[in-house]
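Each remark here refers to the structure printed beneath this line.
The values are calculated or read from the model by the stated rules, or taken from the named source; none is laboratory data. This structure is a prediction, so every number in the text was calculated from the model and none was measured. Because the Cβ atoms are built from the backbone with ideal geometry, glycine has one as well, and the counts that use them run over all protein chains shown.
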Amino acid sequence: MAIQPPPHHHLTLYPPFMIIDAIDNRLGNIYPTLHPFSPETIPDLVKLADSNISYSNLPVCSRKRSRDDCSSMCDPFSVARNHVEDVVSSQIRQQQFEIDQIVAQHVEKVRCEIEERRRRNSRRLIETLEEGITQTLRSKEEEIMKMMKLNYAMEEKLKSLCIENQIWRELAQSNEATANALRSNLKQVLEQLVNNNSRMAAGDDNAVDAVDAQSCCESNNYNETGNSNSNSNMKRGWCKSCGKAESCVVLLPCRHLCLCTVCASSVDTCPVCKSFKNISVHVHMS
């Protein structure tokens, strides 16, 4: 009778409690470096609970599984490694999600700050432009007011010049009328002098005496006695005041040619008709 060998069992070199303590110590060194469990790690724990690992971390080998699966499930280190990898991957995903949230929040914050800075710069630029435009408009308004005042002053000056021009025009017209009157009077006097000279050249003494006595002041018969008794040295054509120089000055308005140049400046009345002198005219005798 042949002896059958005992059924094949997975032999371990260490007792089960030592293996469990080693796994707990190893996991105890890993868990503090990880974040607390989050809802994302719950499915991994559920999967772990659904597995054949008992509370003592000892795998229960099913008879329907293959020998390789049974050997892998019976390896406590591979089970712990898989669990750690699942936990680490879930924590990495959680941290990545948190990092994404932080980055998104930071991006939103930076965007808001940039937008606020842009609005602030826009307001500052608009205020600067408004201030510059206001100063320019104010300076232009001051220039306009200055030009208006200058224009008003120029208009007033123009009005005064127009009035002064009118006054000078009227004065010139009056002077021209006076000059025309004097010119006509002088012309009459010169014509009379020419007639007197022609009569004197003819030797008509009576006519000369009558001409010399004529006056526009109605004083032809004034002091006829004194004239008849005058000095015999008084000749016709000589000064009636000094009798030493030739008569060359006509007195106006009486129109008597009776004074010399020296006496005309010192005599106020006509020596012939005794009328007051207004003006004297020097006559060049040819």
Residue by residue through region 256-271, note down the ones that are out of contact with any Lys or Arg (no Cβ under 7 Å at 6 or more places or on another chain), surrounded by fewer than 22 Cβ atoms within 10 Å (Cβ to Cβ), within 20 Å of LEU182 (Cβ to Cβ) and not hydrophobic (A, V, I, L, M, F, W, C).
THR261, SER265
Condition broken by VAL88, with the remaining ones in (1) under 30 Å from VAL283 (Cβ atoms); (2) touching a residue at least 40 places away in the same chain (Cβ under 8 Å) satisfied:
(1)
Only one of ALA177, ALA172 that is aliphatic (A, V, I, L, M), assigned to a helix (DSSP H, G or I), under 30 Å from LEU259 (Cα atoms) and not assigned by TED's automatic domain parsing to the domain that holds LEU251
ALA177
